[in-house]
């Protein structure tokens, strides 16, 4: 399973880079009042794809690393342990909410009027990337911190 954790760690950077790309496109589109372009569409498509792949690896880790057994043994005990609570509840739920926002945002941007596409991008993808950044177990986070890059052991 360490290979999946490495991939999950690597894909995180793709998610973050694509998220920054989407936000930069949205902000520059709003400021310059430029038309929504294929680059804008491509950026939010890649952001969504990276998020979907990241979810897949995250679910594999959830089901194969014993997290489900901890859930089955009782949520009361799990919630008392900050490490387990973070990875099973906080990290997972906030990332799923972010992914839902990405999918809703992509749909809303496609259906939006040309004048509001960049604003919808900024709203939906901005909130999603904020949730993602908050939910990552950065090295400086007490108890749950992980290295910037997980490598094979």
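Values quoted throughout were computed directly from the atomic coordinates according to the rules given, and no laboratory measurement underlies them. The structure displayed is predicted, hence computed values, not measured ones. Here the Cβ is made from the backbone with ideal geometry for all residues, glycine too, and neighbour counts use every protein chain on show.
Numerical summary
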{"item": "Added length on full extension, which subtracts the Cα-Cα distance from 0.36 nm per residue, residue 4 to residue 77", "result": "23.6 nm"}
{"item": "The chain: angle of helix 91-111 to the longest principal axis, Cα-based, in degrees nearest 10", "result": "20 degrees"}
{"item": "All Cα pairs of segment 1-104, percent lying beyond 19 Å", "result": "53 percent"}
{"item": "Model label zone, residue 31; criterion: amide N under 20 Å from point 7 Å along Cα-to-beta-carbon; scope segment 112-151", "result": "115-127, 129-130"}
{"item": "Among 85, 106, 12, residue whose mean-square fluctuation peaks in a GNM of the chain (springs only between Cα atoms under 10 Å)", "result": "85"}
{"item": "Helical mean residue ellipticity (222 nm; -39500 (n - 2.57) per DSSP H run of 4+; nearest 500) of the chain", "result": "-25000 deg cm²/dmol"}
{"item": "Convex hull volume per residue for segment 82-126, taking Cα atoms only, in Å³", "result": "42 Å³"}
{"item": "The chain - percent relative contact order, Cα under 8 Å, separation 6 or more", "result": "33 percent"}
{"item": "Stretchable slack from residue 90 to residue 108, in nm (0.36 nm times residue separation minus alpha-carbon distance)", "result": "3.8 nm"}
{"item": "Gaussian network model of the chain, Cα within-10 Å springs - most flexible of 52, 41, 81", "result": "81"}
{"item": "GNM result for the chain, Cα springs below 10 Å: residue of 39, 25, 84 fluctuating most strongly", "result": "39"}
{"item": "Rounded tilt (10° steps) of 38-64 against the dominant C-alpha axis of the chain", "result": "10 degrees"}
